[in-house]
Amino acid sequence: MTNQNSEPPYRRLLAAARSLVQCDAAALLRLEGDALVPVAIDGLSEDTLGRRFAVAQHPRLAQLLSSGQGLRFPSDCHLPDPYDGLVAGHPDILPVHDCMGAPVVLDGRVWGLITLDALTPGALANVSPEQLRALTALFEDSIEKQNTMGALAERAEREQAVSRALLQTGQQPRRLLGHSPPLQQLLGEINIVASSDLTVLILGETGVGKELVAQQLHAQSARRDRPLIQLNCAALPENLADSELFGHKRGAFTGAVQDRVGKFELADGGTLFLDEVGELSPSVQAKLLRVLQSGELQRPGSDKALRVDVRVVAATNRDLKQEVAQGRFRADLYHRLSVYPLLVPPLRERGRDVLTLAGGFLEENQHRLGARNLRLSPQAKAALLAYDWPGNVRELEHLINRAALRALSEQGRAARWVAIEPAHLDLGESGRNFTPPMASGAEALPPLEMVDGEGLRAATDAFQRRWIEAVLTKHDGAMAAAAREAGMDRSNFHRLAVRLGMGQRGERP
(Lines give C-alpha, C1' and ligand atoms only; values in the text may rest on other atoms or scores of the structure.)
Protein backbone atom coordinates (compact mmCIF):
# COMPACT_ATOMS: atom_id res chain seq x y z
CA MET A 1 0.00 0.00 0.00
CA THR A 2 2.93 2.27 0.53
CA ASN A 3 4.59 3.79 -2.51
CA GLN A 4 6.86 6.57 -3.52
CA ASN A 5 3.95 8.84 -4.37
CA SER A 6 2.04 8.27 -1.13
CA GLU A 7 4.88 9.64 1.04
CA PRO A 8 6.00 12.87 -0.73
CA PRO A 9 7.74 14.43 2.32
CA TYR A 10 9.92 11.35 2.72
CA ARG A 11 10.58 11.09 -1.01
CA ARG A 12 11.76 14.71 -1.02
CA LEU A 13 13.95 14.08 2.02
CA LEU A 14 15.49 11.06 0.34
CA ALA A 15 16.21 13.07 -2.80
CA ALA A 16 17.86 15.76 -0.66
CA ALA A 17 19.91 13.12 1.16
CA ARG A 18 21.12 11.72 -2.16
CA SER A 19 22.22 15.19 -3.28
CA LEU A 20 24.07 15.83 -0.04
CA VAL A 21 26.06 12.60 0.04
CA GLN A 22 26.25 12.01 -3.73
CA CYS A 23 24.82 8.49 -3.75
CA ASP A 24 22.76 6.63 -6.34
CA ALA A 25 19.87 5.48 -4.15
CA ALA A 26 18.26 6.06 -0.78
CA ALA A 27 15.42 4.34 1.06
CA LEU A 28 13.34 4.64 4.20
CA LEU A 29 12.17 1.30 5.60
CA ARG A 30 9.77 0.64 8.46
CA LEU A 31 10.22 -2.35 10.79
CA GLU A 32 7.11 -4.54 10.81
CA GLY A 33 7.63 -7.52 13.08
CA ASP A 34 10.62 -9.40 11.68
CA ALA A 35 10.70 -7.65 8.31
CA LEU A 36 11.62 -4.24 6.90
CA VAL A 37 9.09 -2.74 4.48
CA PRO A 38 9.97 0.14 2.10
CA VAL A 39 8.01 3.28 2.95
CA ALA A 40 9.67 5.53 0.36
CA ILE A 41 12.49 5.14 -2.15
CA ASP A 42 14.52 7.39 -4.42
CA GLY A 43 16.82 6.00 -7.11
CA LEU A 44 15.66 2.39 -6.67
CA SER A 45 13.59 0.28 -9.05
CA GLU A 46 9.82 0.24 -8.57
CA ASP A 47 9.80 -3.47 -7.74
CA THR A 48 11.65 -2.59 -4.50
CA LEU A 49 8.34 -1.29 -3.14
CA GLY A 50 6.82 -4.77 -3.37
CA ARG A 51 9.49 -6.42 -1.27
CA ARG A 52 9.47 -7.31 2.43
CA PHE A 53 13.07 -7.66 3.57
CA ALA A 54 13.07 -10.36 6.25
CA VAL A 55 15.77 -9.20 8.67
CA ALA A 56 17.02 -12.74 9.25
CA GLN A 57 17.62 -13.12 5.51
CA HIS A 58 19.53 -9.85 5.08
CA PRO A 59 22.59 -9.63 7.36
CA ARG A 60 23.49 -6.07 6.30
CA LEU A 61 20.07 -4.79 7.32
CA ALA A 62 20.29 -6.74 10.58
CA GLN A 63 23.65 -5.10 11.39
CA LEU A 64 22.28 -1.65 10.60
CA LEU A 65 19.31 -2.20 12.93
CA SER A 66 21.60 -3.14 15.80
CA SER A 67 24.30 -0.56 15.04
CA GLY A 68 22.99 2.19 17.29
CA GLN A 69 24.32 5.23 15.41
CA GLY A 70 24.64 3.58 12.00
CA LEU A 71 27.60 2.32 10.00
CA ARG A 72 29.18 2.11 6.56
CA PHE A 73 30.12 -1.24 5.04
CA PRO A 74 33.53 -1.50 3.33
CA SER A 75 33.41 -1.77 -0.45
CA ASP A 76 34.81 -5.31 -0.33
CA CYS A 77 32.28 -6.51 2.27
CA HIS A 78 31.31 -10.11 1.52
CA LEU A 79 27.79 -9.83 2.91
CA PRO A 80 25.08 -9.84 0.20
CA ASP A 81 23.59 -6.41 -0.44
CA PRO A 82 19.77 -6.30 -0.50
CA TYR A 83 19.84 -3.62 -3.22
CA ASP A 84 22.14 -5.37 -5.70
CA GLY A 85 20.48 -4.98 -9.08
CA LEU A 86 17.73 -2.69 -7.77
CA VAL A 87 19.33 0.70 -8.55
CA ALA A 88 17.11 2.33 -11.17
CA GLY A 89 17.90 3.91 -14.51
CA HIS A 90 20.48 1.45 -15.83
CA PRO A 91 20.22 -0.93 -18.79
CA ASP A 92 22.10 -3.64 -16.86
CA ILE A 93 21.77 -5.28 -13.46
CA LEU A 94 24.53 -3.63 -11.43
CA PRO A 95 26.03 -4.37 -7.99
CA VAL A 96 26.01 -1.90 -5.14
CA HIS A 97 29.63 -1.15 -4.21
CA ASP A 98 29.21 1.23 -1.29
CA CYS A 99 26.46 1.40 1.28
CA MET A 100 25.68 2.80 4.68
CA GLY A 101 22.68 3.38 6.87
CA ALA A 102 21.35 4.00 10.33
CA PRO A 103 18.39 3.00 12.50
CA VAL A 104 15.53 5.45 12.83
CA VAL A 105 14.56 5.63 16.51
CA LEU A 106 11.31 7.05 17.90
CA ASP A 107 10.52 7.21 21.62
CA GLY A 108 13.48 4.99 22.38
CA ARG A 109 12.37 2.22 20.00
CA VAL A 110 13.73 1.31 16.58
CA TRP A 111 11.13 2.40 14.01
CA GLY A 112 13.08 1.38 10.91
CA LEU A 113 16.10 2.27 8.79
CA ILE A 114 17.44 4.87 6.41
CA THR A 115 19.84 3.42 3.82
CA LEU A 116 22.18 5.10 1.31
CA ASP A 117 23.77 3.20 -1.57
CA ALA A 118 26.23 3.92 -4.39
CA LEU A 119 27.43 2.00 -7.42
CA THR A 120 30.94 3.49 -7.24
CA PRO A 121 33.37 2.01 -4.69
CA GLY A 122 34.33 4.55 -2.03
CA ALA A 123 31.60 7.01 -3.01
CA LEU A 124 30.40 7.28 0.60
CA ALA A 125 33.84 7.28 2.23
CA ASN A 126 33.67 11.00 3.05
CA VAL A 127 30.29 10.84 4.78
CA SER A 128 31.09 11.28 8.46
CA PRO A 129 29.15 9.63 11.31
CA GLU A 130 27.98 13.11 12.30
CA GLN A 131 26.55 13.75 8.84
CA LEU A 132 24.78 10.40 8.86
CA ARG A 133 23.34 11.12 12.27
CA ALA A 134 22.16 14.56 11.13
CA LEU A 135 20.37 12.99 8.15
CA THR A 136 18.75 10.38 10.37
CA ALA A 137 17.59 13.10 12.78
CA LEU A 138 15.81 14.85 9.89
CA PHE A 139 13.80 11.72 9.17
CA GLU A 140 13.07 11.10 12.83
CA ASP A 141 11.78 14.66 13.16
CA SER A 142 9.61 14.36 10.05
CA ILE A 143 8.16 11.01 11.15
CA GLU A 144 7.43 12.38 14.62
CA LYS A 145 5.51 15.25 13.06
CA GLN A 146 3.51 12.82 10.98
CA ASN A 147 2.86 10.74 14.10
CA THR A 148 1.66 13.84 15.92
CA MET A 149 -0.93 14.37 13.20
CA GLY A 150 -1.86 10.71 13.52
CA ALA A 151 -1.71 9.90 9.80
CA LEU A 152 1.36 7.70 9.82
CA ALA A 153 0.45 5.95 13.07
CA GLU A 154 -3.02 5.13 11.75
CA ARG A 155 -1.67 3.85 8.44
CA ALA A 156 0.99 1.75 10.19
CA GLU A 157 -1.64 0.23 12.47
CA ARG A 158 -3.80 -0.70 9.48
CA GLU A 159 -0.89 -2.41 7.76
CA GLN A 160 0.15 -4.22 10.93
CA ALA A 161 -3.46 -5.35 11.35
CA VAL A 162 -3.47 -6.80 7.84
CA SER A 163 -0.33 -8.80 8.67
CA ARG A 164 -1.81 -10.02 11.96
CA ALA A 165 -5.04 -11.10 10.29
CA LEU A 166 -3.14 -13.05 7.65
CA LEU A 167 -0.94 -14.71 10.24
CA GLN A 168 -4.08 -15.87 12.04
CA THR A 169 -5.09 -17.73 8.88
CA GLY A 170 -1.66 -19.37 8.70
CA GLN A 171 -0.73 -17.60 5.46
CA GLN A 172 2.32 -15.61 4.42
CA PRO A 173 1.44 -11.94 5.08
CA ARG A 174 0.67 -10.08 1.85
CA ARG A 175 -0.47 -6.58 1.10
CA LEU A 176 -2.37 -4.86 -1.67
CA LEU A 177 0.63 -3.39 -3.47
CA GLY A 178 0.87 -0.59 -6.00
CA HIS A 179 0.29 3.12 -6.54
CA SER A 180 -1.87 3.18 -9.69
CA PRO A 181 -5.03 5.34 -9.56
CA PRO A 182 -7.39 2.31 -9.84
CA LEU A 183 -5.75 0.60 -6.87
CA GLN A 184 -5.64 3.78 -4.81
CA GLN A 185 -9.37 4.25 -5.44
CA LEU A 186 -10.02 0.69 -4.22
CA LEU A 187 -7.92 1.25 -1.09
CA GLY A 188 -9.87 4.42 -0.38
CA GLU A 189 -13.17 2.52 -0.66
CA ILE A 190 -11.84 -0.17 1.69
CA ASN A 191 -10.92 2.50 4.23
CA ILE A 192 -14.46 3.89 4.04
CA VAL A 193 -16.39 0.64 4.49
CA ALA A 194 -14.03 -1.49 6.60
CA SER A 195 -15.01 0.02 9.95
CA SER A 196 -18.72 -0.57 9.35
CA ASP A 197 -20.67 -3.83 9.56
CA LEU A 198 -22.12 -3.46 6.06
CA THR A 199 -22.19 -6.55 3.88
CA VAL A 200 -19.65 -6.17 1.07
CA LEU A 201 -19.70 -7.81 -2.36
CA ILE A 202 -16.24 -7.94 -3.95
CA LEU A 203 -16.39 -8.06 -7.75
CA GLY A 204 -13.60 -8.71 -10.21
CA GLU A 205 -12.06 -11.08 -12.69
CA THR A 206 -10.39 -14.32 -11.67
CA GLY A 207 -7.00 -13.76 -10.06
CA VAL A 208 -7.28 -10.03 -9.26
CA GLY A 209 -6.89 -10.49 -5.48
CA LYS A 210 -10.44 -10.54 -4.13
CA GLU A 211 -9.33 -12.68 -1.18
CA LEU A 212 -6.75 -10.08 -0.18
CA VAL A 213 -9.44 -7.39 -0.25
CA ALA A 214 -11.62 -9.48 2.08
CA GLN A 215 -8.69 -10.00 4.45
CA GLN A 216 -7.95 -6.30 4.53
CA LEU A 217 -11.60 -5.43 5.16
CA HIS A 218 -11.54 -7.74 8.19
CA ALA A 219 -8.16 -6.48 9.39
CA GLN A 220 -9.32 -2.85 9.38
CA SER A 221 -12.65 -3.60 11.05
CA ALA A 222 -13.62 -3.60 14.73
CA ARG A 223 -13.81 -7.40 14.37
CA ARG A 224 -10.11 -7.73 13.63
CA ASP A 225 -9.41 -9.70 16.83
CA ARG A 226 -12.20 -12.18 16.09
CA PRO A 227 -12.11 -14.99 13.50
CA LEU A 228 -12.00 -14.52 9.75
CA ILE A 229 -13.56 -17.68 8.32
CA GLN A 230 -13.28 -18.39 4.60
CA LEU A 231 -15.41 -20.73 2.50
CA ASN A 232 -14.98 -21.46 -1.21
CA CYS A 233 -18.52 -21.84 -2.49
CA ALA A 234 -17.33 -23.24 -5.83
CA ALA A 235 -15.94 -26.29 -3.99
CA LEU A 236 -19.12 -26.81 -1.94
CA PRO A 237 -21.17 -29.89 -2.96
CA GLU A 238 -24.88 -29.16 -2.61
CA ASN A 239 -25.48 -32.16 -0.36
CA LEU A 240 -22.87 -30.86 2.09
CA ALA A 241 -23.73 -27.16 1.90
CA ASP A 242 -26.01 -27.19 4.95
CA SER A 243 -23.37 -28.92 7.03
CA GLU A 244 -20.55 -26.60 5.90
CA LEU A 245 -22.51 -23.40 6.45
CA PHE A 246 -24.72 -24.25 9.41
CA GLY A 247 -23.24 -27.42 10.94
CA HIS A 248 -25.36 -30.45 11.96
CA LYS A 249 -26.41 -32.55 14.88
CA ARG A 250 -25.30 -36.12 15.28
CA GLY A 251 -27.67 -38.43 13.41
CA ALA A 252 -29.06 -35.66 11.18
CA PHE A 253 -28.23 -37.78 8.13
CA THR A 254 -26.30 -40.90 7.21
CA GLY A 255 -22.67 -40.38 8.14
CA ALA A 256 -23.35 -37.66 10.72
CA VAL A 257 -21.67 -39.53 13.55
CA GLN A 258 -21.03 -36.45 15.69
CA ASP A 259 -22.09 -32.83 16.11
CA ARG A 260 -20.46 -30.37 13.75
CA VAL A 261 -20.10 -26.60 14.00
CA GLY A 262 -20.74 -24.74 10.74
CA LYS A 263 -18.88 -21.78 9.29
CA PHE A 264 -21.45 -19.25 10.54
CA GLU A 265 -20.95 -20.34 14.14
CA LEU A 266 -17.17 -20.41 13.75
CA ALA A 267 -17.30 -16.83 12.47
CA ASP A 268 -19.54 -15.59 15.33
CA GLY A 269 -18.31 -12.12 16.33
CA GLY A 270 -16.05 -12.00 13.29
CA THR A 271 -16.24 -12.12 9.49
CA LEU A 272 -17.39 -14.86 7.11
CA PHE A 273 -15.87 -14.63 3.63
CA LEU A 274 -17.91 -16.46 0.99
CA ASP A 275 -15.66 -16.75 -2.06
CA GLU A 276 -17.22 -17.45 -5.47
CA VAL A 277 -20.70 -16.92 -4.01
CA GLY A 278 -22.14 -16.91 -7.53
CA GLU A 279 -21.60 -20.69 -7.68
CA LEU A 280 -24.15 -21.49 -4.95
CA SER A 281 -27.15 -23.59 -5.97
CA PRO A 282 -30.65 -22.06 -5.75
CA SER A 283 -31.58 -24.13 -2.67
CA VAL A 284 -28.46 -23.04 -0.79
CA GLN A 285 -29.06 -19.43 -1.85
CA ALA A 286 -32.48 -19.56 -0.18
CA LYS A 287 -31.04 -20.87 3.11
CA LEU A 288 -28.26 -18.30 3.08
CA LEU A 289 -30.80 -15.52 2.52
CA ARG A 290 -32.77 -16.59 5.59
CA VAL A 291 -29.71 -16.34 7.82
CA LEU A 292 -28.78 -12.92 6.42
CA GLN A 293 -32.31 -11.65 6.98
CA SER A 294 -32.82 -12.95 10.53
CA GLY A 295 -29.33 -13.46 11.95
CA GLU A 296 -30.51 -16.89 13.09
CA LEU A 297 -29.63 -20.36 11.89
CA GLN A 298 -30.70 -23.87 12.69
CA ARG A 299 -28.38 -26.82 12.52
CA PRO A 300 -29.78 -29.73 10.48
CA GLY A 301 -31.10 -32.29 12.95
CA SER A 302 -31.73 -29.68 15.67
CA ASP A 303 -34.87 -27.81 16.69
CA LYS A 304 -32.89 -25.05 18.41
CA ALA A 305 -32.40 -21.68 16.68
CA LEU A 306 -28.99 -20.09 17.16
CA ARG A 307 -28.35 -16.37 16.85
CA VAL A 308 -25.02 -15.37 15.30
CA ASP A 309 -23.29 -12.01 14.93
CA VAL A 310 -21.41 -12.33 11.66
CA ARG A 311 -20.33 -9.82 9.07
CA VAL A 312 -20.57 -11.36 5.61
CA VAL A 313 -18.14 -10.47 2.84
CA ALA A 314 -18.80 -12.21 -0.48
CA ALA A 315 -16.84 -12.34 -3.73
CA THR A 316 -17.56 -13.43 -7.28
CA ASN A 317 -16.09 -13.19 -10.77
CA ARG A 318 -19.56 -13.51 -12.27
CA ASP A 319 -21.83 -10.68 -13.37
CA LEU A 320 -24.49 -11.26 -10.71
CA LYS A 321 -26.84 -8.69 -12.26
CA GLN A 322 -26.80 -10.75 -15.42
CA GLU A 323 -27.20 -13.95 -13.38
CA VAL A 324 -30.27 -12.43 -11.70
CA ALA A 325 -31.71 -11.38 -15.06
CA GLN A 326 -31.30 -14.94 -16.37
CA GLY A 327 -32.85 -16.48 -13.26
CA ARG A 328 -29.71 -18.20 -11.99
CA PHE A 329 -29.25 -16.05 -8.87
CA ARG A 330 -31.88 -14.79 -6.46
CA ALA A 331 -32.51 -11.06 -6.76
CA ASP A 332 -33.26 -10.70 -3.03
CA LEU A 333 -29.99 -12.43 -2.09
CA TYR A 334 -28.07 -10.27 -4.56
CA HIS A 335 -29.40 -7.10 -2.93
CA ARG A 336 -28.57 -8.47 0.53
CA LEU A 337 -24.98 -9.18 -0.50
CA SER A 338 -24.29 -6.05 -2.54
CA VAL A 339 -24.99 -3.45 0.12
CA TYR A 340 -21.51 -2.05 -0.58
CA PRO A 341 -19.96 -3.38 -3.82
CA LEU A 342 -16.20 -3.14 -4.37
CA LEU A 343 -14.72 -3.61 -7.84
CA VAL A 344 -11.13 -4.90 -7.89
CA PRO A 345 -9.38 -3.60 -11.04
CA PRO A 346 -7.75 -6.07 -13.44
CA LEU A 347 -3.97 -6.02 -13.57
CA ARG A 348 -3.94 -4.71 -17.16
CA GLU A 349 -5.49 -1.45 -15.88
CA ARG A 350 -2.92 -0.97 -13.12
CA GLY A 351 0.06 0.08 -15.26
CA ARG A 352 3.41 -0.14 -13.51
CA ASP A 353 1.95 -1.86 -10.44
CA VAL A 354 3.01 -5.05 -12.19
CA LEU A 355 6.65 -4.29 -11.30
CA THR A 356 5.84 -3.65 -7.64
CA LEU A 357 3.91 -6.92 -7.44
CA ALA A 358 6.67 -8.79 -9.25
CA GLY A 359 9.16 -7.49 -6.69
CA GLY A 360 7.08 -8.94 -3.86
CA PHE A 361 6.83 -12.33 -5.54
CA LEU A 362 10.56 -12.33 -6.29
CA GLU A 363 11.36 -11.66 -2.63
CA GLU A 364 9.16 -14.60 -1.59
CA ASN A 365 10.85 -16.90 -4.12
CA GLN A 366 14.26 -15.68 -3.08
CA HIS A 367 13.77 -17.03 0.43
CA ARG A 368 11.86 -20.12 -0.61
CA LEU A 369 14.48 -21.21 -3.17
CA GLY A 370 17.54 -20.12 -1.21
CA ALA A 371 18.71 -17.70 -3.91
CA ARG A 372 20.79 -14.66 -2.96
CA ASN A 373 19.12 -11.95 -5.04
CA LEU A 374 16.44 -12.50 -7.69
CA ARG A 375 16.40 -9.54 -10.07
CA LEU A 376 14.46 -8.59 -13.20
CA SER A 377 16.54 -7.44 -16.14
CA PRO A 378 15.41 -4.21 -17.86
CA GLN A 379 14.22 -6.29 -20.82
CA ALA A 380 12.18 -8.54 -18.50
CA LYS A 381 10.57 -5.49 -16.88
CA ALA A 382 9.59 -4.14 -20.28
CA ALA A 383 8.10 -7.51 -21.23
CA LEU A 384 6.03 -7.61 -18.02
CA LEU A 385 4.74 -4.10 -18.68
CA ALA A 386 3.75 -5.00 -22.23
CA TYR A 387 1.78 -8.15 -21.40
CA ASP A 388 -2.01 -7.87 -20.94
CA TRP A 389 -2.35 -10.36 -18.02
CA PRO A 390 -5.58 -12.26 -18.75
CA GLY A 391 -5.01 -14.22 -15.52
CA ASN A 392 -4.28 -11.06 -13.51
CA VAL A 393 -2.18 -11.10 -10.32
CA ARG A 394 -2.45 -14.86 -9.88
CA GLU A 395 -1.00 -15.37 -13.36
CA LEU A 396 1.84 -12.97 -12.53
CA GLU A 397 2.60 -14.87 -9.32
CA HIS A 398 2.76 -18.23 -11.06
CA LEU A 399 4.82 -16.81 -13.91
CA ILE A 400 7.35 -15.30 -11.49
CA ASN A 401 7.55 -18.61 -9.60
CA ARG A 402 8.39 -20.47 -12.81
CA ALA A 403 10.81 -17.81 -14.05
CA ALA A 404 12.69 -17.78 -10.73
CA LEU A 405 13.09 -21.54 -10.80
CA ARG A 406 14.30 -21.53 -14.41
CA ALA A 407 16.78 -18.72 -13.84
CA LEU A 408 18.12 -20.28 -10.64
CA SER A 409 18.62 -23.70 -12.23
CA GLU A 410 20.48 -22.03 -15.10
CA GLN A 411 22.68 -19.62 -13.09
CA GLY A 412 23.07 -21.43 -9.75
CA ARG A 413 22.94 -20.25 -6.15
CA ALA A 414 26.54 -19.08 -5.93
CA ALA A 415 25.99 -16.00 -8.12
CA ARG A 416 25.78 -12.58 -6.46
CA TRP A 417 22.34 -12.30 -8.06
CA VAL A 418 20.15 -14.30 -10.38
CA ALA A 419 18.99 -12.32 -13.41
CA ILE A 420 15.53 -13.07 -14.80
CA GLU A 421 15.43 -12.45 -18.54
CA PRO A 422 12.48 -12.46 -20.98
CA ALA A 423 13.30 -16.06 -21.95
CA HIS A 424 12.70 -17.16 -18.35
CA LEU A 425 9.32 -15.41 -18.33
CA ASP A 426 8.26 -17.21 -21.53
CA LEU A 427 5.47 -14.77 -22.32
CA GLY A 428 5.42 -15.64 -26.00
CA GLU A 429 4.89 -13.14 -28.78
CA SER A 430 2.57 -10.97 -26.67
CA GLY A 431 5.46 -10.29 -24.31
CA ARG A 432 7.97 -9.56 -27.06
CA ASN A 433 6.28 -7.33 -29.60
CA PHE A 434 5.75 -4.20 -27.57
CA THR A 435 6.20 -0.48 -27.28
CA PRO A 436 7.34 0.46 -23.76
CA PRO A 437 4.40 1.97 -21.85
CA MET A 438 6.75 4.70 -20.51
CA ALA A 439 6.97 6.19 -23.97
CA SER A 440 3.32 7.05 -24.29
CA GLY A 441 2.82 9.47 -27.12
CA ALA A 442 6.26 8.76 -28.60
CA GLU A 443 6.71 7.15 -31.99
CA ALA A 444 6.03 3.41 -31.97
CA LEU A 445 9.27 1.43 -31.92
CA PRO A 446 10.08 -1.99 -33.37
CA PRO A 447 10.29 -5.06 -31.12
CA LEU A 448 13.77 -6.10 -30.04
CA GLU A 449 14.10 -9.07 -32.40
CA MET A 450 13.37 -6.83 -35.42
CA VAL A 451 16.38 -4.55 -34.86
CA ASP A 452 18.87 -5.75 -37.48
CA GLY A 453 20.29 -9.22 -36.78
CA GLU A 454 22.51 -8.23 -33.91
CA GLY A 455 23.03 -9.78 -30.49
CA LEU A 456 20.73 -9.02 -27.60
CA ARG A 457 22.90 -6.27 -26.06
CA ALA A 458 23.40 -4.47 -29.38
CA ALA A 459 19.70 -4.83 -30.22
CA THR A 460 18.75 -3.52 -26.78
CA ASP A 461 21.05 -0.50 -27.18
CA ALA A 462 19.57 0.25 -30.58
CA PHE A 463 16.06 -0.08 -29.19
CA GLN A 464 16.83 2.26 -26.25
CA ARG A 465 18.55 4.74 -28.53
CA ARG A 466 15.46 4.93 -30.77
CA TRP A 467 13.17 5.33 -27.77
CA ILE A 468 15.28 8.06 -26.12
CA GLU A 469 15.43 9.90 -29.44
CA ALA A 470 11.63 9.75 -29.67
CA VAL A 471 10.95 10.92 -26.12
CA LEU A 472 13.51 13.76 -26.37
CA THR A 473 11.92 14.87 -29.62
CA LYS A 474 8.52 14.79 -27.97
CA HIS A 475 9.77 17.12 -25.21
CA ASP A 476 11.79 19.34 -27.56
CA GLY A 477 15.11 18.17 -26.11
CA ALA A 478 14.12 18.87 -22.47
CA MET A 479 16.16 16.26 -20.56
CA ALA A 480 14.29 16.71 -17.27
CA ALA A 481 10.86 16.28 -18.88
CA ALA A 482 12.04 13.22 -20.83
CA ALA A 483 13.47 11.69 -17.66
CA ARG A 484 10.18 12.24 -15.83
CA GLU A 485 8.26 10.42 -18.55
CA ALA A 486 10.79 7.59 -18.34
CA GLY A 487 10.31 7.38 -14.57
CA MET A 488 14.07 7.83 -14.15
CA ASP A 489 16.33 10.12 -12.19
CA ARG A 490 17.55 12.92 -14.51
CA SER A 491 21.24 12.16 -13.89
CA ASN A 492 20.72 8.44 -14.57
CA PHE A 493 18.75 9.26 -17.72
CA HIS A 494 21.55 11.55 -18.88
CA ARG A 495 24.20 8.88 -18.16
CA LEU A 496 22.24 6.35 -20.20
CA ALA A 497 21.94 8.82 -23.09
CA VAL A 498 25.69 9.51 -22.94
CA ARG A 499 26.52 5.79 -22.92
CA LEU A 500 24.36 5.36 -26.01
CA GLY A 501 26.17 8.23 -27.74
CA MET A 502 23.29 10.68 -27.45
CA GLY A 503 24.46 12.94 -24.62
CA GLN A 504 25.33 15.91 -26.82
CA ARG A 505 22.09 15.98 -28.77
CA GLY A 506 21.55 19.67 -28.10
CA GLU A 507 19.55 18.77 -25.04
CA ARG A 508 18.34 21.39 -22.66
CA PRO A 509 17.64 21.05 -18.92
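Some notes on this structure:
- Bridgeable lysines around Lys263 (alpha carbons under 25 Å apart, same-chain partners fewer than 8 residues away excluded): Lys210, Lys249, Lys287, Lys304.
- Highest-first arrangement of 353-361, 129-137, 384-392, where packing means the average Cβ count within 10 Å: 353-361, 384-392, 129-137
- Heavy-atom accessible area ranking, 1.4 Å probe, most first, across Asp107, Asp309: Asp107, Asp309
- Here region 42-127 has 50 percent of its accessible surface on carbon and sulfur atoms, given a 1.4 Å probe and all protein chains in place.
- Extension gain, Asp34-Arg416: 0.36 nm per intervening residue step, less the Cα-Cα distance, totals 135.1 nm.
- Exposure rank, largest accessible area first [Ser283, Ser45; 1.4 Å]: Ser283, Ser45
- Between region 358-432 and region 313-351, the alpha-carbon center distance in angstrom: 33
- A simple packing score, the average count of other Cβ atoms within 10 Å per residue, orders the peptides 331-344, 185-198 as 331-344, 185-198, with the highest score first.
- The portion of the accessible surface of region 341-416 made up by carbon and sulfur, rounded to a whole percent, is 52 (1.4 Å probe; DNA, RNA and ligands excluded).
- Area of His90 that stays accessible when all protein chains are in place (1.4 Å probe, Å², to 10): 40
- Radius 9 Å from Cβ of Trp417, net charge of other residues (Lys, Arg +1; Asp, Glu -1): +2
- Amide H within-cut-off set for Val39, under 5 Å, with H built and near neighbours excluded: Leu28, Leu29, Arg30
- In the context of the full set of protein chains, residues of region 27-104 present 29 Å² of accessible surface per residue (probe radius 1.4 Å, heavy atoms only).
The values are calculated or read from the model by the stated rules, or taken from the named source; none is laboratory data. All values derive from a computational prediction rather than experimental measurement. Cβ sites come from the backbone with ideal geometry, for glycine too, and all protein chains shown count toward neighbours. For the accessible areas, the whole protein counts, side chains as well, though only heavy atoms, and no ligand, DNA or RNA atoms are used. Shrake-Rupley method; radii C 1.70, N 1.55, O 1.52, S 1.80 Å.
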